[in-house]
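For reference, the structure discussed in these notes is given below.
The values are calculated or read from the model by the stated rules, or taken from the named source; none is laboratory data. Just so we're clear, the structure is a prediction, and the values are computed from it rather than from any experiment. Cβ placement follows ideal geometry from the backbone for every residue including glycine, while neighbour counts extend to all protein chains displayed.
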């Protein structure tokens, strides 16, 4: 069975709206994909401010933004369909939206009203992909392991470096996955102090020096001492980590260098905590995706540190680096459509696996 689907993702790094068209094929329980077409639509200054400040709005204005952003997503999907001549090819849309509030085991909120997307595109839409897991007492994150399990069977360790870095490991006892630390969101905030959108290739970080005292303070933050399953809200990076870095009054290159080292150390620690070093798999590869995979200096440091543990860092082709999460959102939409499990309780700590997602029918009956 072939499903032609659009997947949508907006990450916490605010680099833009990722839209992917993919053809997903299921044959006897085995999944594959082909014909991936993706594009990231960068946010203009107005949308950047709206998304960044969404958590400060009152309930009424927040709901207005939720609807407005849904209509925006729908219009961008229509533009994407026009650009790639996908008219009458897309069966439905799966939208993750943009995470604002996230309180594990209690609630999670993603901007981007699925009804508004359906109204703009006149296509069925699956949204609210995390909510049911949280209702079942789960972390609501990470949700991508289901896609890694079904679509990337050649690897058993995964790292996504987006606004937040997270890992997934397929162990003999089941999947382990959790958020590691804030990543691109903090790095980009630090780069912004130099009037840069981001530190391209990690060049500025590479020119700096590690501030040992700051590094120790960062590594001592309470989240890193907590056992998994666990997940992070964006506010941990913006309201705790970033102010801590700025409080040291060091140079911008030293800030970036120190925080880059912090990310590398936390990834190493997370893999060790999750038992990755003891699996003794001959194909001990860590597949790295997300915008951070293009941070050359960060990846070089990660390779240096992990090769001592016998782990090879692998960066795949650009389409997978850029759009793996949007691609997996498309798969989650298909699984929801088929009424099959979309989120793994072994990853999130929920009381059971769940079939999450709200369905909005935008077509005429």
Review point. Condition test on residue 43, is it outside the structural domain of residue 184 (by TED's automatic domain parsing), modelled with pLDDT of 95 or more and part of a loop (DSSP other than H, G, I, E, B)?
Key: yes
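Among what's in region 175-222 and is in a helix (DSSP H, G or I) and without any contact (Cβ under 8 Å) to a residue 24 or more places away in the chain, pick the residue that is surrounded by the fewest Cβ atoms within 10 Å (Cβ to Cβ).
If we take residues in region 175-222 being in a helix (DSSP H, G or I) and without any contact (Cβ under 8 Å) to a residue 24 or more places away in the chain, then 222 is surrounded by the fewest Cβ atoms within 10 Å (Cβ to Cβ).
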Practice item. Looking at (1) within 27 Å of residue 191 (Cβ to Cβ); (2) touching a residue at least 24 places away in the same chain (Cβ under 8 Å); (3) in contact with a strand residue (DSSP E or B) (Cβ under 7 Å, 6 or more places away or on another chain), find the lone condition where residue 295 falls short. Key: (3)
Point to revise | Options 327, 286: the member that is crowded, with 21+ Cβ neighbours inside 10 Å, touching a residue at least 60 places away in the same chain (Cβ under 8 Å), touching a strand residue (DSSP E or B) at 6+ places or on another chain (Cβ under 7 Å) and not in a helix (DSSP H, G or I) | key: 286
Exercise for review: For region 301-316, indicate whether the set of residues that are assigned to a helix (DSSP H, G or I), more than 30 Å from residue 18 (Cβ to Cβ) and either modelled with pLDDT of 90 or more or not assigned by TED's automatic domain parsing to the domain that holds residue 178 (or both) is non-empty.
Suggested key: yes
Practice item. Restrict the check to region 129-140 and report whether at least one residue is within 16 Å of residue 337 (Cβ to Cβ) and either assigned to a loop (DSSP other than H, G, I, E, B) or outside the structural domain of residue 288 (by TED's automatic domain parsing) (or both). Key: yes
Point to revise | Qualifying positions in region 1-26 - at pLDDT below 95 and surrounded by fewer than 18 Cβ atoms within 10 Å (Cβ to Cβ) | key: 1
